[in-house]
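J.: Provided herewith is a single structure, encoded as structure tokens, for subsequent inquiry.
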Amino acid sequence: MKLQCDVEVVNRMLPTCGLKNRGRGTRAVLSIGKHLDKTTQRSNVYMMICTAKDRAGSKYKLKNNIEKFFTWFVEEGKATVRLKEPAVDICLSKADANSLKNFLSAARLADRGSDSSSLPLSTLTPVRARDVEKPKKKLTIVSKKDYPLTSNFPYSLEQLQVSYCKLSRVDMRMLSLKALRKLDLSNNHIKKLPATIGDLSCLAELVLHNNHLESFSEALCLSTLQRTLQHLDLSQNRLRALPSHFCQLRELVNLKLDDNKLVCLPFHIGHLSKLRFLSAAHNELALLPGDFRKLSLENLDLFGNPFTQPNPLDHTIHLTFPLPLQEIASRAVANLRIPYGPHLIPAHLCRDLELAKTCNCGRVCVSYFIKTAVSMNLHQVSHTVVLVDDMGGTDAPVQHHFCSLSCYSEFLDLCLQRGIR
């Protein structure tokens, strides 16, 4: 039985001498196995602790020698084993919780003098230097020849960059790195993302710059990334659209979408209330969604998009008189904020409600509305704006929806009064 973790051996007699312990652990490998006691010429079960400074290891007898186990924080990978002789506390931390539980169970059995044949014993031999190295937090691979084919990635990684390795898919070994906070797979040939990336519960930064992505999975938008992802770089791919649930990634602060083939931005982009940096230069955007007006950015770059010249008089009408009963009911559900879901109403009605538009009057319209576009100065939503075109402009067309003819008429009157284009 072996365990890799941080260990501090605390001598309980030091305070009586006016001395203090060091107060921090060091990386170690703990083993439980048999060792021949030279005094009694008998084999007993010992715990051996090997560190970088003491790779040969220090041994502690276990049988009838454990005074107490402290396991209040075992789920966090922490525990303490108090020995009778010598009078030390062996403090364990940064261990895998399941491995730690198994190790402590074996130590209990050894303390009780259980038959050694029932114990998962190891050979008590010196460890290799790499086994007691400090856990690796960061790894950068920028060459295919350096890519690990026969060994796993260090389990302790928090930052991993694998670039210029011609990867056509995400290596599933990366998805077992539960401590990963930053994953950079830029400059590869990845075409599709596995939904299991959403299982990386600590992932705050995902960089996929310069790949071959044609879509971004909706499953990722509904995964734990909703609570963790702050930086997302999808620039230089082949994206034409983002999923309707993309704006569930509400922790996003920085979003890069440059050099794709996007014809529209997410409909509910205004839900990204924490977004501060947005770049979507060199796409195929003709206009911006109405929700764009809700953003509060520090930096915005929309250069190189084929924005249209808007005219509020140019409009599209999707209205009938009277309104269909389904539209009236859908508007009531949205305006009154009545809870709904696929367990209550058909799934297609749920999708319609998720894409409901907000009229200038504040009320909601679903499938029946009047649509037009109005020019907006992008400084209204961002402190710094990269010029939209070579002419030095900072205006872009934004969609507007109206729930009725009267709302549209009032808007036109206001445009005439203010001289809005």
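The values are calculated or read from the model by the stated rules, or taken from the named source; none is laboratory data. Because the structure is a prediction, the values reported are computed rather than measured. Quick reminder, even Gly has a Cβ in these numbers, built from the backbone with ideal geometry, and neighbours come from all protein chains shown. These accessible areas exclude ligands, DNA and RNA; they are computed on the full protein's heavy atoms, side chains included. Shrake-Rupley method; radii C 1.70, N 1.55, O 1.52, S 1.80 Å.
J.: So what are the ³J(HN,Hα) numbers for region 348-361, from phi and the Karplus equation (6.51, -1.76, 1.60; θ = phi - 60°), rounded to whole Hz, Gly and Pro as x?
T.: In residue order, the calculated couplings are 5, 6, 4, 5, 4, 5, 5, 9, 5, 9, 9, 6, 4, 7 Hz.
J.: Calculate, for region 323-402, the solvent-accessible area per residue in square angstrom, rolling a 1.4 angstrom probe over the heavy atoms of the protein chains. If you can, show how the numbers build up before the last one.
T.: Values: 4330 Å² over 80 residues.
Result: 54 Å² of accessible area for each residue.
J.: To continue, here is another question. Considering only protein heavy atoms and a 1.4 Å probe, what is the carbon-and-sulfur percentage of the accessible area of the chain?
T.: Details: 11570 of 22500 Å².
Ligands and nucleic acids excluded, carbon and sulfur give 51 percent.
J.: Multiplying the sequence separation of residue 380 and residue 133 by 0.36 nm and subtracting their Cα-Cα distance, what value in nm do you get?
T.: Extra length from residue 380 to residue 133 when fully extended: 83.7 nm.
J.: Viscosity 1.306 mPa s, temperature 10 °C: what is the translational diffusion coefficient of the chain from Stokes-Einstein with a Kirkwood Rh over Cα pairs, rounded to a whole number of µm²/s? Write out the running numbers ahead of the final one.
T.: Details: Rh = 26.5 Å.
Translational diffusion coefficient: 60 µm²/s.
J.: Hey, can you rank 169-177, 214-222, 111-119 by average C-beta count inside 10 Å, highest first?
T.: Listed from highest to lowest mean packing, they are 214-222, 169-177, 111-119.
J.: With the other protein chains left in place, how much accessible area per residue, in square angstrom, belongs to region 42-156 at a 1.4 angstrom probe?
T.: Numbers: 7000 Å² over 115 residues.
Accessible area per residue: 61 Å².
J.: Separate question: Normalised by the number of residues in the chain, what is the relative contact order in percent for Cα pairs under 8 Å and 6+ residues apart?
T.: Reported as a whole number, the value is 8 percent.
J.: Sticking with this one: Tell me the angle of helix 405-418 to the major Cα principal axis of the chain, expressed in degrees between 0 and 90 and rounded to the nearest ten.
T.: Around 80 degrees separate the two axes.
J.: Please give the charge dipole size of the chain, origin at the Cα centre, charges +1 on K and R Cβ atoms and -1 on D and E Cβ atoms. Round to the nearest 20 debye. All intermediate terms of the calculation are to be shown ahead of the outcome.
T.: Numbers: 56 positive and 39 negative charges, 513 e Å.
For this selection, approximately 2460 debye.
J.: Moving on to the next point. Measure nothing but the geometry: give the 0 to 90° angle between the long axis through the Cα atoms of 97-111 and the longest principal axis through the Cα atoms of the chain, rounded to 10°.
T.: Once rounded, one gets 20 degrees.
J.: Okay, next question. For a quick check of your reading of the filter: which trypsin sites (Lys or Arg not before Pro) in region 289-357 sit in a DSSP loop and have no more than 12 other Cβ atoms within 10 Å?
T.: Values: sites: 293, 294, 331, 337, 351, 357; in loops: 337.
Sparse-neighbourhood loop trypsin sites (Lys or Arg not before Pro): 337.
J.: Now for a separate question. Apply the Karplus parameterisation 6.51 cos²θ - 1.76 cosθ + 1.60, with θ equal to phi minus 60°, to every residue of region 150-158 and state each ³J(HN,Hα) to the nearest whole Hz, in sequence, with x for glycine and proline.
T.: 10, 10, 7, 6, x, 4, 8, 4, 10
J.: Over the chain, what is the percentage of antiparallel beta bridges among all DSSP beta bridges, to the nearest 5? Don't skip to the answer; put the middle values down first.
T.: Details: 48 of 76 bridges.
Of those bridges, close to 65 percent are antiparallel.
J.: Separation between the residue 219 and residue 71 pseudo-spin-labels, each 7 Å from Cα along Cα→Cβ, expressed in nm?
T.: 3.6
J.: Run the paramagnetic zone check for residue 286: 7 angstrom along Cα to Cβ, then residues of region 367-401 with backbone nitrogen under 16 Å.
T.: It comes to 371-375, 397-400, nothing else.
J.: Give me the number: length gained by fully extending residue 405 to residue 53, i.e. 0.36 nm times residue separation minus the C-alpha to C-alpha distance, one decimal in nm.
T.: On the way: separation 352, 0.36 × 352 = 126.72 nm, distance 8.07 nm.
Computed gain between residue 405 and residue 53 is 118.6 nm.
J.: Any lysines with Cα under 16 Å of the residue 63 Cα? List them, leaving off those in the same chain fewer than 8 positions away.
T.: Filter leaves 34, 84.
J.: So what's the back-of-envelope 222 nm ellipticity for the chain, counting only DSSP H runs of four-plus at -39500 (n - 2.57) apiece and dividing by all residues, rounded to 500? Please report the intermediate quantities before stating the final value.
T.: Numbers: 6 runs with 56 residues, N = 421.
Calculated mean residue ellipticity at 222 nm is -4000 deg cm²/dmol.
J.: Taking residue 53 as the anchor, which lysines have their alpha carbon closer than 16 Å to its alpha carbon, excluding any fewer than eight residues away along the same chain?
T.: Here the lysines satisfying the reach criterion relative to residue 53 are 134.
J.: If you don't mind, there's one more thing I want to ask. Can you list residues whose amide H is under 5 Å from residue 167's amide H, if they're 5+ apart or on another chain and H is modeled 1.01 Å from N?
T.: Here the answer is 189, since their amide H atoms fall under 5 Å of that of residue 167.
J.: I've got another one for you. Kindly write out, for region 225-231 in residue order, the coupling ³J(HN,Hα) from the Karplus curve 6.51 cos²θ - 1.76 cosθ + 1.60 (θ = phi - 60°), rounded to whole Hz, with x marking Gly and Pro.
T.: Values per residue, Gly and Pro as x: 4, 4, 9, 10, 6, 10, 10 Hz.
J.: Enumerate the amide H contacts of residue 319 below 5 Å, restricted to partners 5 or more residues apart or on another chain; note that Pro and chain-start residues carry no placed amide H.
T.: HN-HN under 5 Å from residue 319: 369.
J.: May I pose another question? Determine which lysines satisfy two conditions relative to residue 166: a Cα distance under 20 Å, and not lying fewer than 8 residues away in the same chain.
T.: Here the lysines satisfying the reach criterion relative to residue 166 are 144, 145, 182, 191, 192.
J.: Work out the FRET efficiency for residue 313 and residue 355 from their Cβ-Cβ distance, taking R0 = 35 Å, and round it to the nearest 0.05. Write down the numbers at each step before the final one.
T.: On the way: r = 25 Å, r/R0 = 0.73.
My answer for the efficiency is 0.85.
J.: Toward the positive end of the charge dipole of the chain, about the Cα centre and with charges on Cβ (Lys, Arg +1; Asp, Glu -1), which of 196, 245, 328 goes farthest?
T.: 196
J.: Follow-up. Evaluate the relative contact order of region 136-284 (contact order divided by residue number), counting alpha-carbon pairs under 8 angstrom at least 6 apart; express in whole percent.
T.: On the way: 367 pairs, mean separation 22.8, N = 149.
This gives 15 percent for region 136-284.
J.: If you take the beta carbon distance between residue 94 and residue 328 as r and set R0 to 45 Å, what does 1/(1 + (r/R0)^6) give as a FRET efficiency, to the nearest 0.05? Walk me through the intermediate numbers first.
T.: Numbers: r = 60 Å, r/R0 = 1.33.
In this case the efficiency is close to 0.15.
J.: Compute the FRET efficiency between residue 416 and residue 189 as 1/(1 + (r/R0)^6), taking r as their Cβ-Cβ distance and R0 = 56 Å, and round to the nearest 0.05.
T.: Taking R0 as 56 Å, the efficiency between residue 416 and residue 189 is 0.55.
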